[in-house]
Amino acid sequence: MKLVILLAVFGLSLAQHNPHFKHGRTSIVHLFEWRWADIAAECERFLGPKGFGGVQISPPSENIVLDHPWRAWYQRYQPVSYKLCSRSGSENDLKDMISRCNKVGVNVYADVIINHMSGSGGGEGTHSACGSWFSATKEDFPSVPYSYLDFNDNKCHTSNGEIQNYNDKYQVRNCRLVGLLDLALEKEYVRGKVVNYLNSLIAIGVAGFRVDTSKHMWPGDLQVIYGRLNNLNTNWFSGGSKPFIYSEVIDLGGEAVSSNEYFHLGRVTEFKYSAKLGYVFRKWDNEKLSYTKNWGEGWGFMPSGNAVVFVDNHDNQRGHGAGGTSILTFWDSRLYKMAAGYMLAHPYGVTRVMSSYRWNRNFVNGKDQNDWMGPPSYGDGSTKPVTINSDQTCGNDWVCEHRWRQITNMVIFRNVVNGQPLSNWWDNGNNQVAFGRGNRGFIVFNNDNGELNVTLNTGMPGGTYCDVISGQKEGSRCTGKQIQVGGDGRAHFRISNSDSDPFVAIHADSKL
């Protein structure tokens, strides 16, 4: 009997590791704070045609509307009900977006908050995204409904009910994270409400979930909840498919809760990856690109089959979460494109690309005073649409890193080389490296101050290839550099570090 249960749990966890990408697609993009209507349009006009595998959306549940700062991004992470209603749009807008994205082969992964409700200081009234009444003061959320009986107040034994010591796993999981009202997930009633919420999203076609603040929930509670989730909608997914789950667990080491406690539940966000990648490309602490020959598990990261990786995310690009100032973001665009290129070329993990918006940074003593700022908005607080310029960049202060040619083309590169092993590694002992992916792709980086001028074995068939960083293949010509690979698989590369993008990538589909 024990063996049967173990096999059932093992099978469930394997299923929840699978992102269900379609048509050989391999990467997720996080369209942070986009409206549902804009995501639907982006799936049709760009993400589908360019081979993106999925889109992570902002939390779809109704949230508190904070008076100050009233457009803060983090209000989306303070639910007051499980109504599918937010500043991104209505429930009908959400359904329309999910359907339209699925039709063009782009999966939708919902960011879900099931650890907590709004902050204890949220007062009471109808200052919510869709007008639902609640009282954070009385722990009363009638639209769910939750009452004071459904929170962890009696289990937390700190003086103020807050997490005070991250080396105490009981505090981390039973006490309030920055004042957020902590749900008692061991209670059957609460589990039922959470399961109903997640199943309502599965019913309308999501492929899975990014589960916020997972380290603050007991893995045993999550296992029960996930075990009760329905299979994915067979209009879009094969029968018996389980939702893809990736847990947000910030684990840089040295705390009571570690990411490996969540591996059996699905994939986990590997925060060490973005922190270390920033150090390497910034060349801090004498880190060198040549040291990444054993990148991945060799650097102390979790097993590749458990990892979701990213250069930055919505938290750490603002200095929150993990990684500190090493994190590369769109503000450091030259290094950022190189780091994203490296991530997308390397076989480790499931990759997620960030798509951001600009805000007015204001640093005082090294701290950005405006890191709270919500998405580009009109005077009434409504989110501005994502407009597309004639050069395919975005307007209205939407950054759209996923549309940068270098990043889009590396998402395609990853699709082309999918399943191929790392091969033909070369480095100069410093910050010039190159590696292939079987005989399907090859990439070369120059992050040294001087010039890279070398002939390398690419492992690829002879012919003329278009570099997909400086341009791309269009018809029978290259819009950027051409790379000539000889019959022996060798090619000459010359890259100046003063180039706008000091790296070159070629793949099977960029061959003339």
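The phi-based Karplus calculation (6.51 cos²θ - 1.76 cosθ + 1.60; θ = phi - 60°) puts the 3J(HN,Hα) values of region 271-277 at 6, 4, 4, 5, 4, 5, 4 Hz, whole numbers, x for Gly and Pro. Ordering PHE310, LEU229, SER200 by Cα displacement along the dipole of region 194-345 toward the positive end leaves PHE310 in first place; charges were set at the Cβ atoms of Lys, Arg (+1) and Asp, Glu (-1).
Projecting the Cα atoms of HIS127, TYR109, SER147 onto the charge dipole of region 4-148 (Cβ charges, centred on the Cα centre) puts TYR109 farthest toward the positive pole. Sequence-distant contacts, meaning Cα pairs under 8 Å at least 6 residues apart, place the relative contact order of region 1-153 at 23 percent.
I need the trypsin sites (Lys or Arg not before Pro) found in region 197-301, filtered to DSSP loop residues with at most 16 other beta carbons within 10 Å of theirs. Filter output for region 197-301: ARG228, LYS283. With contacts taken as Cα pairs under 8 Å at a separation of at least 6 residues, the chain carries a relative contact order of 12 percent. Per-residue surface analysis assigns ASP380 an accessible area of about 120 Å², computed on protein heavy atoms at 1.4 Å probe radius.
Treating only the Cβ atoms of Lys and Arg (+1) and Asp and Glu (-1) as charged, compute the dipole magnitude of region 360-486 about its Cα centre; round to the nearest 20 debye.
Working: 11 positive and 11 negative charges, 84 e Å.
Magnitude of the dipole: close to 400 debye.
I need the semi-axes of the equivalent ellipsoid of region 61-132: take the C-alpha gyration tensor, multiply each eigenvalue by 5, square-root it, list largest first in whole angstrom.
Numbers: eigenvalues 133, 29, 21 Å².
Sorted largest first and rounded, they come to 26, 12, 10 Å.
Taking amide H atoms as placed 1.01 Å from N in the peptide plane, the amide H of LEU180 lies under 5 Å from those of SER120, each 5 or more residues away in sequence or on another chain.
Treating only the Cβ of Lys, Arg, Asp and Glu as charged (+1, +1, -1, -1), what charge dipole size does the chain show about its Cα centre? Round to the nearest 20 debye. Display every interim value, and only then the final one.
Details: 51 positive and 48 negative charges, 275 e Å.
That gives the chain a dipole magnitude of about 1320 debye.
The residue among GLY321, HIS507, THR158 whose Cα reaches farthest toward the positive pole of the charge dipole of the chain, with charges on the beta-carbon of Lys, Arg, Asp and Glu, is HIS507. When DSSP beta bridges are restricted to pairs lying wholly in the chain, around 60% turn out antiparallel.
Shown are TYR170, TYR77, whose ranking by accessible area with a 1.4 Å probe and every protein chain present, most to least, is TYR170, TYR77.
In deg cm²/dmol and to the nearest 500, what is the mean residue ellipticity at 222 nm of the chain if only DSSP H runs of at least 4 residues count, each as -39500 (n - 2.57), divided by the residue total? Could the numbers behind the result be given before it?
Details: 9 runs with 104 residues, N = 512.
Taking each H run of at least 4 residues, the total per residue is -6000 deg cm²/dmol.
Would you work out the charge dipole size for region 174-218 about its Cα centre, treating the Cβ of every Lys and Arg as +1 and the Cβ of every Asp and Glu as -1, and quote it to the nearest 20 debye?
I would put it at about 40 debye.
When the surface is traced with a 1.4 Å probe over the full set of protein chains, VAL309 keeps roughly 0 Å² accessible.
Kirkwood radius and radius of gyration were both taken over the C-alpha atoms of region 77-183, and their ratio Rg/Rh is 1.07.
Each Cα pair under 8 Å and six or more residues apart adds its separation to the average, and for region 277-414 the resulting relative contact order is 21 percent.
The values are calculated or read from the model by the stated rules, or taken from the named source; none is laboratory data. This one's a predicted model, so the numbers in the text were calculated from it and none came from an experiment. Positions of Cβ are backbone-derived with ideal geometry, glycine not excepted, and every protein chain shown enters the neighbour counts. Protein only, heavy atoms only, side chains kept; ligands, DNA and RNA dropped before computing areas. Shrake-Rupley method; radii C 1.70, N 1.55, O 1.52, S 1.80 Å.
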